[in-house]
Structure formats: C-alpha cells, structure tokens
Amino acid sequence: IAVLFLDTQLRIRRYTPAVCELLDLINTDVGRPLADLNRKFEDPYLNEDVRAVLNRVIPAERDVAAANGNHYVRRILPYRTADNRIDGVVISVLDVTKRKGVEMALRGSEEQLRALVESVSDYAIIMLDAQGRIIMWNVGAQSLLGYTEQQLLGKSGDIIFTPEDRAAGAPEVEKRQAVESGRAKDERWHLRKDESR
C-alpha cells in the first residue's frame, strides 16, 4: 500500500516505497510540495480533499482511475501528533484494478442474465434474494401472474402462493430446499393478481 505523509502546508514528510511507483519520488523530494510532483494518475480532487480533511478533520475517500486503466482507492486521514494536534494528513492509495475488473465482469454477466431472463416470455422466471424478496420478475411471470415487475420488486415471493400453502409453510420449505440443493421443485397452484389460480 502506498502511504504518503504530508504536513499542513502539503509538503512531503515521508512515504512508503510503494509511493515511488505512483509519484516517481526520490529521497530529495522530502520537504517539497505535493503539487510539484509528477503523478502517474490524474486525481483532480486531491488538493481539495486534503484541505477539507485538514479543515474539518473528517477522513475522505475517493475512487481514482489512471490513464493506463488502473483503478485506485485513495484515502486521506488527519495526522495527529502525540499531544493530539493535527499536524498534516496521511494519504493511502490502494490499487484495486483487479477487483474493479472482476466487478465489471460480474456486472456484465448480471446484465446478460437479466437480458436473457427478461426475453423469455413462455415461462415465468422469478428471482428472490436470500430473504425471499423478489429481485427479478420476467415478462413470462407478468403475463402468467398479472403483476408487473415494478409492482413486486422488493416484496415477498410468498405473494404467489395460495393462502393454504402459506399457512402450511410451503414458501419456507421451497426456499430452504433451494438453498440446500440449489433448486426447489413443486407441483402446486399459484395465485394470479386477480386471485385466480
């Protein structure tokens, strides 16, 4: 992790070796203002955030993207002396490029899955979160059951079960089966919006 210590005038006090890769620092840069240094990534809010941390003594965090495609999380914390006086800031920069790549790939996969599920009109496909709330409702579910996705997002998936199945705990049994084995299969009546079966 790249860590850089600045005084209240934004001059470099000390730094970890990892900072050298981000800022091209050398030993003689200690004492120089941060604004004089070359950076390998553009961080237009750095000086503004440093000043805000010094003035309000509230940490700041920001995602920063480099021109080369790397992504960083930059954090700024107030630097306190032993006698509890603010004497500068500590800037840490963490390279999160791999994590961002995984997040983007996952987001792309989720969008592809959503597009596929939404295009299926012959079958009702309903996706629930771990608490049993509806997070996806395709057009097949809308045509079969009568509710639009907007009407049911965030609501309990139990809504499609008959009152007697709800009373018997069928929704909970199916959720438990799905969690334990990856799927739950049933042959039962379900309710449409108009309460027909």
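Under the convention that each Lys and Arg Cβ holds +1 and each Asp and Glu Cβ holds -1, the size of the dipole of the chain around its Cα centre is about 560 debye. Computed from the C-beta positions of TYR45 and LYS98, the FRET efficiency with R₀ = 22 Å rounds to 0.40. Spin-label model, SER196/ARG107: points 7 Å from Cα along the beta carbon direction are separated by 4.2 nm. Once backbone amide H atoms are built at 1.01 Å from N, PHE161 has LEU191 as its partners under 5 Å, excluding neighbours fewer than 5 places away on the same chain.
Over all directions, the projected convex hull of the C-alpha atoms in region 1-99 averages 6.3 nm² in area. One Cα centroid belongs to region 92-142, the other to region 1-74; the line between them spans 36 Å. Entry note: region 61-126 has Rg to Rh equal to 1.36, where both radii use alpha-carbon atoms and Rh is the Kirkwood radius. Computed from the alpha carbon positions, the gyration tensor of region 4-45 leads to an equivalent ellipsoid with semi-axes of 15, 13, 9 Å, biggest first. Lysine pairs in the chain whose alpha-carbon atoms fall under 24 angstrom of each other, counting only those eight or more residues apart or on distinct chains, come to 8. Taking amide H as placed 1.01 Å from N in the peptide plane, TYR79 has its amide H under 5 Å from the amide H of ASP87, GLY88, VAL89, VAL90, each at least 5 places away in sequence or on another chain. Expressed per residue, the C-alpha convex hull volume of the chain stands at 204 Å³.
Computed 3J(HN,Hα) for region 164-174, one whole-Hz value per residue from the Karplus formula 6.51 cos²θ - 1.76 cosθ + 1.60 where θ = phi - 60°, is 5, 5, 5, 5, 7, x, 4, x, 5, 4, 5, glycine and proline marked x. Here is the list for region 33-138: trypsin sites (Lys or Arg not before Pro) lying in DSSP coil, each with at most 11 other C-beta atoms within 10 angstrom of its C-beta, are ARG85. Rg/Rh, computed from the Cα trace of region 111-185 with Rh as the Kirkwood radius, has the value 0.97. Here the convex hull built on the C-alpha positions of region 88-144 has a volume of 126 cubic angstrom per residue. At a probe radius of 1.4 angstrom, the accessible area of region 53-197 per residue rounds to 66 square angstrom. Converting phi to 3J(HN,Hα) with the Karplus coefficients 6.51, -1.76 and 1.60 and the offset θ = phi - 60°, region 109-114 yields 5, 5, 5, 5, 4, 4 Hz in sequence order, with x at every glycine or proline. Across region 187-197, coupling constants 3J(HN,Hα) worked out from phi with the 6.51/-1.76/1.60 Karplus curve, θ = phi - 60°, read 10, 8, 6, 10, 9, 7, 4, 7, 6, 7, 9 Hz, and Gly and Pro carry x.
The values are calculated or read from the model by the stated rules, or taken from the named source; none is laboratory data. Remember, predicted model here, so these are calculated numbers, not experimental data. All Cβ positions, glycine included, derive from the backbone under ideal geometry; neighbour counts span all protein chains shown. What goes into the accessible areas is simple: the full protein's heavy atoms, side chains included, and nothing from ligands, DNA or RNA. Shrake-Rupley method; radii C 1.70, N 1.55, O 1.52, S 1.80 Å.
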